[in-house]
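Worksheet: one structure, shown below.
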Amino acid sequence: MPPTFRIAIIGAGPGGLLCARVLQRYGVPVTVFERALGPVGSAPGGPLELRPASGQAALRAAGVEREFRAAARPAGQEVRLLDRTGTVLDQEVPAPGPTAQRPEIGRRELRRLLADALAPGTVRWGRYLRTLHPRGGGRHQVVFDDGETATFDLVIGADGTWSRVRPQLSEAVPHYSGVTFVETGLHDVDARHPAIARLVGRGTMMALSGPRGLLARRDGRGRIRVYAALRCSEDWARQAGVGTADTEAVRAALLAAFDGWHDGLRALLRDSDDGFANRPLFALPVPHTWPHTPGLTLLGDAAHVMTPLSGPGADLALRDGCELARHLAEAHTWQTDPDQAVRAYEAALFPRSAAAAAAAAHDLDAALAPATPRPVHHLPRRRHPHPS
């Protein structure tokens, strides 16, 4: 792998930033291009609870475990399953000990600590990829919306659900899953919303009935993040005659959708402190693969966006970034063909991501189905319900 081998990562999400960090630890030059103007931008979705063997292991390989521990906070592991009457159908309370609480980290905090770990100038903020052109020999020219161009030996698409790199590899387009999450939240719940705090408990609460559900997750800062889950048209709000920016109109529409549910559950929507964010859930076909193309590859949601009820999301993206970087670093160290490194990464990526995406789709269908909700041990455990 010649020292002049140029690598570009498109997208400064957790997977892309971690990939860049591991490459730099092994002395491999890399540049990250990101459309956002800086690391502290919008980060939809709840905090991330990273698994020890994947997300946390990737952060350890990147040498940022200490920073992660400093920024993370304990997350409760209790899981409650309720029906629409508020009756607790099943409950899981972990035994006291190291597994009773696991660390969680905010999405913006994770992005910032990974960006701060990179060499100055590694991330080129405010760069939106417009087009990508093959230039032979596996090299590709990137063209940004400000007119800047550059040519790279390897372009890694880490640019999320609507990746601009993916179309060069695959004709697959994310499809609407048929489910929308409408997100809101409550703050300082023990003092301001004690009845809701007791209902949700010290972890995750899921109330499911047919094509609707209310999901709530307590975070480590006294906040409860709430999702109204609806199996509905992607244009449900327009069909209901409300604008998604009109908080009170959305609140009224959701309360009507959950008419007849227990009042304590409806309070999650009626008494919320935040506005409402509409989050239709999209997924790529399962499995999603592509023919190996020299000079291009994907990671994270660009490679395998999936529904989030039990999908590992950022956890899997971190693992992707770490494993791709390690293969490339080995090629750099031993001066072997970097194209073979990408082939090895993709060979492991495809079955791993297909299994995770299939499980995520199955769990979402089972949770929001006409049948009676399944027991807790069959539902996603120790994961946040949140949109990708």
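A quick yes/no check of all residues on (1) in the same structural domain as residue 162 (by TED's automatic domain parsing); (2) in a loop (DSSP other than H, G, I, E, B); (3) surrounded by fewer than 24 Cβ atoms within 10 Å (Cβ to Cβ); (4) at pLDDT 95 or above:
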site	(1), (2), (3), (4)
12	yes, yes, no, yes
15	yes, no, no, yes
18	yes, no, no, yes
21	yes, no, no, yes
28	yes, yes, yes, yes
37	yes, yes, yes, no
41	yes, yes, yes, no
44	yes, yes, yes, no
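Identify, please: which residue in the stretch 79-117 is surrounded by 19 or more Cβ atoms within 10 Å (Cβ to Cβ) and acidic (Asp, Glu) and is, among those, modelled with the lowest pLDDT? Top of the filtered list is 104. The helices (runs of 4 or more DSSP H) found wholly in the stretch 203-304 and carrying at least 3 residues that are under 30 Å from residue 142 (Cα atoms) and under 26 Å from the mean Cα position of the chain (by Cα) occupy 301-304.
Close contacts from the stretch 344-358, counting a first residue that is over 23 Å from residue 331 (Cα atoms) and a second that is assigned to a helix (DSSP H, G or I), with Cβ to Cβ under 9 Å and a gap of 6+ residues or different chains, come to 353/303; 353/304; 353/316; 353/320; 354/304; 356/304; 356/316; 357/304.
Screening the candidates 259, 271 for the property of being of a type in the set (Asp, Glu), touching a residue at least 60 places away in the same chain (Cβ under 8 Å) and either farther than 20 Å from residue 177 by Cα or in the same structural domain as residue 181 (by TED's automatic domain parsing) (or both) yields one hit, 271. Taken over the stretch 319-344, residues that are assigned to a helix (DSSP H, G or I) and closer than 16 Å to residue 1 by Cα amount to 18.
Restricted to the stretch 142-188, and to residues there that are crowded, with 20+ Cβ neighbours inside 10 Å and of a type in the set (Phe, Trp, Tyr), the residue that is nearest to residue 306 (Cα to Cα) is 181. Of everything in the stretch 332-378 that is touching a Pro at 6+ places or on another chain (Cβ under 9 Å) and of a type in the set (D, E, K, R), the residue that is modelled with the highest pLDDT is 339. Of the numbered criteria (1) modelled with pLDDT of 95 or more; (2) within 23 Å of residue 62 (Cβ to Cβ), the one residue 144 fails is (2). Quick check: anything in the stretch 235-245 among the aliphatic types (A, V, I, L, M) and touching a strand residue (DSSP E or B) at 6+ places or on another chain (Cβ under 9 Å)? Scanning the stretch 235-245, I find at least one residue that is among the aliphatic types (A, V, I, L, M) and touching a strand residue (DSSP E or B) at 6+ places or on another chain (Cβ under 9 Å), so the answer is yes. Are any residues in the stretch 302-341 touching a strand residue (DSSP E or B) at 6+ places or on another chain (Cβ under 9 Å) and among the acidic types (Asp, Glu), and if so, which ones? 315, 320, 339 - these are the residues of the stretch 302-341 that are touching a strand residue (DSSP E or B) at 6+ places or on another chain (Cβ under 9 Å) and among the acidic types (Asp, Glu). Based on this model, can you work out whether residue 252 counts as without any contact (Cβ under 8 Å) to a residue 40 or more places away in the chain and not assigned by TED's automatic domain parsing to the domain that holds residue 47? Criteria met by residue 252. Only one entry in 286, 305 is at pLDDT 95 or above, in contact with a helix residue (DSSP H, G or I) (Cβ under 8 Å, 6 or more places away or on another chain) and crowded, with 17+ Cβ neighbours inside 10 Å, namely 286.
If you go through the stretch 133-170 and pick out every residue that is in contact (Cβ under 8 Å) with a residue 60 or more places away in the chain and either hydroxyl-bearing (Ser, Thr, Tyr) or part of a strand (DSSP E or B) (or both), you end up with 14.
Scanning the stretch 66-79 turns up no residue that is assigned to a loop (DSSP other than H, G, I, E, B) and without any contact (Cβ under 8 Å) to a residue 24 or more places away in the chain.
Taken over the stretch 239-259, the residue count meeting the criterion of being more than 23 Å from residue 364 (Cβ to Cβ) and surrounded by fewer than 18 Cβ atoms within 10 Å (Cβ to Cβ) is 11.
The values are calculated or read from the model by the stated rules, or taken from the named source; none is laboratory data. Since this is a predicted model, take the numbers as computed values, not measurements. Cβ sites come from the backbone with ideal geometry, for glycine too, and all protein chains shown count toward neighbours.
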